[in-house]
Amino acid sequence: MLFRSSYQKQSPIARFADSSGEDQLTLTAQGNLIVGPLSETSQPPADAKLYVEGKVFGQQVESDEVVGQSIVQLSSQTLKENISALSEDEANVLLGQLDPVKFSYRQDETHQTHVGFIAETVPDVVASANHQGISPLDITAILTKVVQDHHQELNMMKTIIEQQQQTIQTLTAKVEQLEGRRFRL
């Protein structure tokens with residue numbers, strides 16, 4: 001196995017390979033665990049204790065930071081039960097209960113400012129079971145419903161404004177017509 005970037009200097013203490021001899025699991029003397037083979041383009045971050053080359057699947061993944069090109073939440077109808085639509089009222093109530101804050105993490109020596117939520121204060125439906133984390137994709141569903149409803153209201157308002165503009169034009173024409181008659185008398 002070739003170790004790239006910071007992993008080049010680390011010595012593997014255990015390797016597990018597939019039948020073709022390609023490393024699939026490597027534990028380094030520095031305590032790093034690498035899952036999957038490292039390719040020529042792999043760039044594991046120097047501070048990553050776990051590096052996965054390939055897809056990760058988990059029922060519940062908790063971490064201080066998860067970095068990837070995309071995060072996909074399982075969402076198939078075949079995995080769910082008791083499916084019902086989120087109502088406009090429910091979405092608005094839930095959105096109203098979300099209190100965005102600015103903060104920095106206690107363990108972050110750089111004190112980088114982040115924005116987000118305090119897990120202990122969010123509605124149960126978007127909090128983890130222990131209220132130490134949140135589900136961003138559940139918040140996305142709430143926001144989607146609220147935006148859809150606002151979009152629908154906006155379209156209705158546009159239609160009403162267009163009708164009112166037509167009415168104003170019609171009334172303006174009638175007023176001009178009546179004023180023209182008045183001056184001819």
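When the Cα positions of GLY180, THR110, VAL72 are compared along the charge dipole of the range 69-185, GLY180 comes out farthest toward the positive end, with charges on each C-beta of Lys, Arg, Asp and Glu. Average 1/r across all pairs of distinct alpha carbons in the range 88-158, invert it, and you get the Kirkwood radius: 13.7 Å.
Of the cross-linked pairs LYS55/LYS80; LYS80/LYS145; LYS49/LYS102; LYS80/LYS158, those separated by over 30 Å at the C-alpha level are LYS80/LYS158. So for the range 104-153, averaging the separation of alpha carbon pairs under 8 Å that are six or more residues apart and normalising by length, what relative contact order in percent results? Result for the range 104-153 is 19 percent. Annotation: amide H-H contacts under 5 Å for VAL52 (H modelled 1.01 Å from N, sequence separation of 5 or more, or interchain): VAL35.
Karplus-based coupling profile of the range 78-87, in residue order and whole Hz: 5, 9, 10, 9, 6, 6, 8, 6, 7, 6, with θ = phi - 60° in 6.51 cos²θ - 1.76 cosθ + 1.60 and x standing for Gly or Pro. For the peptides 167-176, 124-133, the ranking by mean Cβ contacts within 10 Å, running from highest to lowest, is 124-133, 167-176. For LEU25, the residues whose modelled amide H falls within less than 5 Å of its own, excluding neighbours fewer than 5 places apart on the same chain, are PHE16, GLY36. Residue-wise HN-Hα couplings along the range 117-123, as the Karplus relation 6.51 cos²θ - 1.76 cosθ + 1.60 with θ = phi - 60° gives them from phi, are 9, 9, 4, 5, 10, 7, x Hz; Gly and Pro carry x. A crude spin-label estimate for the pair VAL115 and GLN163, with each label 7 Å from Cα along the Cβ direction, gives 3.7 nm. Given their separation in residues at 0.36 nm each and the Cα-Cα distance between them, VAL52 and ASN82 gain 7.4 nm when the chain is fully extended.
Every read-out reported here was derived from the displayed coordinates using simple, explicitly stated rules and does not represent laboratory data. What you see is a predicted model, and the numbers here were worked out from it, not measured in a lab. Please note: Cβ atoms are built from the backbone with ideal geometry, for glycine as well, and neighbour counts cover all protein chains shown.
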